[in-house]
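The values are calculated or read from the model by the stated rules, or taken from the named source; none is laboratory data. If you're wondering where the values come from, they're calculated on a predicted model, not measured in any experiment. We place every Cβ from the backbone using ideal geometry, glycine too, and count neighbours over all the protein chains shown. Ligands, DNA and RNA are stripped out before the accessible areas are found, and what is left, the full protein with its side chains, is counted by its heavy atoms. Shrake-Rupley method; radii C 1.70, N 1.55, O 1.52, S 1.80 Å.
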Amino acid sequence: MILIYPPVAKPCEPPAGIAKLCGALNHHGIKCSVLDANLEGLLSLLKAPPVSSDTWTSRAFRHLPRHLASLNSWDAYQDDGRYRRAIKDLDRLLEMTARSSRIRLGLANYQHEELSPARSTDLVRAAENPEDNPFYPYFRKRLMELLKSEQPSIVGFSLNYLSQALCTFAMIGFLKRECPGVKLVLGGGLTTSWMRRPHWQNPFKGLVDHLVAGPGETFLLSLIDVKGLSGCSERPVGNDHYRPDYDSLPIRDYFAPGPILPYSLSSGCYWNRCSFCPERAEGNPYIAIPVEEVILDLLHLVDRQKPVLIHLLDNAISPSLMKAISEHPPGVPWYGFARITRHLTDPDFCLALKRSGCVMLKLGLESGDQTVLDDLQKGVNLEEASSALKNLKKAGIATYVYLLFGTPPEGLIEARRTLEFVVKHHDCIGFLNLAIFNLPIYGPEAQQMETKTFYEGDLSLYTSFDHPKGWNRQLIRQFLDKEFKRHSAIASILRRDPPVFTSNHAPFFVMNSKHSIPRLPPFSKEGN
Ligand code: SF4
């Protein structure tokens with residue numbers, strides 16, 4: 001079996017979904033090979049002599065070895081100007097490589113002028129014409145080598161982001177043509193979202209042998225044991241937890257000063273109440289790994305992979321899991337998403353988090369207006385949010401605050417309250433993410449809204465709608481550009497945001513290479 005992570009996604013850490021599949025397969029003694037075609041593909045395009053000879057591109061190509069070396073060490077993260085130059089130059093090289101294919105390509109971007117990743121007919125077209133894909137020279141050679149050496153009977157793709165979709169189908173089309181006998185399996189977060197749409201019908205029959213929604217471990221294992229499965233399948237997922245296995249991934253080669261270890265403590269969301277939340281709309285259940293296993297996994301993985309940073313991937317790390325990590329620190333700095341709860345209003349709780357290695361928390365504040373928060377059922381109280389931000393600042397934990405503009409209960413007055421809240425707490429906010437609200441097409445709330453008939457494609461996950469207060473995207477953009485972002489206190493926060501890699505690289509700007517975290521004994525001695 002070969003498991004493939006296709007381009008394009010931020011190449012800063014190994015793909016967690018593939019590591020989980022490897023863990024499950026290895027646990028059952030099943031051999032698999034792994035190909036991070038995203039990292040390899042991007043590097044192959046970056047290292048190819050540029051087709052354009054303009055000054056910027058030529059200079060970027062000359063500096064490429066230096067840029068790559070600085071992003072793979074602490075150099076770039078200790079010098080903001082150097083970091084930004086490196087990212088800009090790498091993006092330039094990618095952009096120029098793909099320009100003739102009518103594609104806007106970047107380190108985290110793949111946009112075709114004509115083909116949409118939200119239209120199944122366009123994805124099938126990408127599969128029918130793999131040679132039109134800018135990664136074709138790379139993946140043709142690499143896949144042929146792998147097919148020859150591994151002789152796989154199954155090739156699985158982990159498709160998580162829209163920016164991966166057209167390349168995934170180009171690779172699928174190539175494999176279908178070159179080795180029609182190999183079973184092709186498509187899973188990952190984006191595939192799951194497609195399949196969770198109501199009235200889902202598989203548009204990829206004859207191209208993809210199996211589509212998998214949710215964690216793919218159980219499905220792949222059953223596919224190997226039970227021969228002759230066919231068609232679009234969604235198998236019941238067991239609660240078996242397999243420790244992720246990163247041994248087959250080039251964990252030291254990603255764009256980071258050292259290995260980042262991604263790890264999920266849970267799937268779904270323990271809160272699961274926010275209206276308009278895609279996670280909730282998809283009906284994904286909350287499943288948390290038992291705390292004892294989490295601690296043992298982290299200690300084992302830290303010993304084996306020697307990461308410089310742990311990225312906790314949960315939609316929201318529950319307070320009980322945060323407490324457990326505080327009591328049993330993994331010995332390496334960590335960061336992740338947390339809800340703003342009363343726990344963070346306790347200075348001792350924040351200090352314990354800091355001592356355990358927490359360098360940054362991503363917080364979904366969404367709005368600085370209490371009526372909006374209540375209407376969205378965020379379960380966030382602004383007084384608590386204020387206290388949490390101050391405590392985290394005092395404890396030395398950076399915050400990456402997420403704001404959402406244009407939700408149905410928000411209008412200009414409420415958006416201005418968000419501006420006031422951010423300004424008032426500007427010295428406690430490390431980084432800001434500003435997003436404009438999208439209405440999930442399949443959520444219960446969409447039924448109550450006046451939605452537009454226009455949609456990008458049959459695989460769209462969002463729909464446009466008539467905002468009840470007339471607070472449409474154009475007005476929101478105007479407010480953000482002319483008012484919100486122009487406030488000097490906010491502008492200085494926004495300037496700190498690492499371009500392209502944003503929250504994935506932000507922790508490196510608030511920690512240093514000497515970060516060392518005490519490690520306390522785990523719950524019990526581990527067997528292996
Ligand atoms: S906390 Fe986040 S993931 Fe959980 S329900 Fe709210 S928006 Fe969704």
Considering amide H positions built from the backbone, and no H for Pro or chain starts, which residues 5 or more places from C358, or on another chain, come under 5 Å of its amide H?
W334
Can you work out the Karplus-derived ³J(HN,Hα) for every residue in the range 499-509? Use 6.51 cos²θ - 1.76 cosθ + 1.60 with θ = phi - 60°, whole Hz, and x for glycine or proline.
x, 6, 7, 5, 5, 5, 9, 3, x, 5, 8
Pairwise FRET efficiency - A435 versus R273, Cβ, R0 = 22 Å, nearest 0.05
0.70
Cα-Cα over 21 Å, subset of K394/K424; K47/K306; K354/K393
K47/K306
Going by a ≥ b ≥ c, the root eigenvalues of the Cα gyration tensor, does the range 256-313 fall in the rounded group (a/c under 1.5), the prolate group (a/b larger than b/c) or the oblate group?
oblate
Under the rule rounded for a/c under 1.5, else prolate if a/b exceeds b/c, else oblate, using alpha carbon gyration tensor axes a ≥ b ≥ c, the range 84-240 is classed as prolate
When the dipole is taken about the Cα centre of the chain, and only Lys, Arg (+1) and Asp, Glu (-1) are charged at their Cβ, what size is it in debye, to the nearest 20?
1160
Which one, A388, L296, P134, is farthest towards the positive end of the dipole of the chain when Lys and Arg carry +1 and Asp and Glu -1 on their Cβ?
P134
Mean ellipticity per residue at 222 nm, deg cm²/dmol - from DSSP H runs of n ≥ 4 across the chain, formula -39500 (n - 2.57):
-12000 deg cm²/dmol
Taking the Cα centroid of the range 262-328 and of the range 458-503, what is the distance between the two, rounded to the nearest whole Å?
28
Residue-normalised value, i.e. accessible area per residue, for the chain at 1.4 Å probe, in Å², stands at 43
Listed by chain and number, the lysines with an alpha carbon less than 23 angstrom from that of K205, same-chain partners under 8 positions apart left out, are K176, K183, K227
Tell me which aspartates and glutamates have Cα within less than 15 Å of K148's Cα, excluding those fewer than 8 residues away on the same chain?
E178
Classify the range 1-126 as rounded, prolate or oblate, taking a ≥ b ≥ c as the square roots of the eigenvalues of its Cα gyration tensor: rounded when a/c is under 1.5, otherwise prolate if a/b is larger than b/c and oblate if not.
oblate
Rg to Rh, two decimals, where the chain supplies the alpha carbon set and Rh follows Kirkwood
0.94
Restricting to the range 1-154, what percent of DSSP beta bridges are antiparallel, rounded to 5?
50
Lysines whose Cα lies under 21 Å from that of K469, excluding same-chain neighbours fewer than 8 positions away:
K378, K452, K482
Taking r as the C-beta separation of K205 and D132 and R0 as 30 Å, the FRET efficiency to the nearest 0.05 is 0.85
Alpha-carbon Rg with Dmax, taken over the range 352-421, Å:
13.2, 41
Taking the Cβ of H63 as the center, what net charge do the other residues with Cβ under 9 Å away carry, scoring Lys and Arg +1 and Asp and Glu -1?
+3
Once Lys and Arg get +1 and Asp and Glu get -1 on their Cβ, which of I493, L351, A48 lies farthest toward the positive end of the dipole of the chain?
A48
